1. Can you tell me which of (1) under 30 Å from Ile6 (Cα atoms); (2) part of a helix (DSSP H, G or I) is the one Thr74 doesn't meet?
2. Please identify the pairs in which a residue from the stretch 34-45 that is within 18 Å of Asp17 (Cα to Cα) has its Cβ atom under 7 Å from the Cβ atom of a residue that is surrounded by 11 or more Cβ atoms within 10 Å (Cβ to Cβ), counting only partners at least 6 apart or on another chain.
3. Look at the stretch 33-51 and say how many of its residues are assigned to a helix (DSSP H, G or I) and surrounded by 10 or more Cβ atoms within 10 Å (Cβ to Cβ).
4. Checking the structure you have, find out if any residue of the stretch 61-69 is part of a strand (DSSP E or B) and surrounded by 10 or more Cβ atoms within 10 Å (Cβ to Cβ).
5. What residue, of Asp56, Asp17, Asp85, is surrounded by fewer than 10 Cβ atoms within 10 Å (Cβ to Cβ) and charged (D, E, K, R)?
6. Restrict the check to the stretch 10-28 and report whether at least one residue is aliphatic (A, V, I, L, M), in contact (Cβ under 8 Å) with a residue 12 or more places away in the chain and not in a helix (DSSP H, G or I).
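What follows draws every value from the coordinates through simple rules; no lab data is involved. No experiment lies behind these values; they were computed from the predicted model shown. Here Cβ is always computed from backbone atoms with ideal geometry, including for glycine, and neighbour counts include all displayed protein chains.
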Amino acid sequence: MPRITITVDGKAHDLPDAAVPRLQAEVDRNNAANKTTLPLGDWIALHLQEIAIGADLVAAVEQLRKQQEADANTALEAAVKAARDQLIAALAT
């Protein structure tokens, strides 16, 4: 397994050689679970990007949850009104 060196602001940071097979095992599990074929380097880059957007993603998910809840409530209200109207109409027949 190759050594992993990450360069940030011109300074190189080596990950210990022993970390590489463990990271590769995580990549393999992730690839199997997501039906992907990311190589180790791409997987590391993706996860660093996911860390960078973490707070924004949490906020987006919360907004989506609230919108979905509002949409569900609107649909429920419409269904209840339709059922009410049908029941009232059935009284007249």
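1. (1)
2. From residues that are within 18 Å of Asp17 (Cα to Cα), the pairs are Leu40/Leu23; Leu40/Gln24; Leu40/Val27; Trp43/Val27; Trp43/Asn30.
3. Residues that pass the stated criteria total 11.
4. no
5. On inspection, the qualifying residue turns out to be Asp56.
6. Within the stretch 10-28 (the criterion being aliphatic (A, V, I, L, M), in contact (Cβ under 8 Å) with a residue 12 or more places away in the chain and not in a helix (DSSP H, G or I)), the answer is yes, since at least one residue qualifies.
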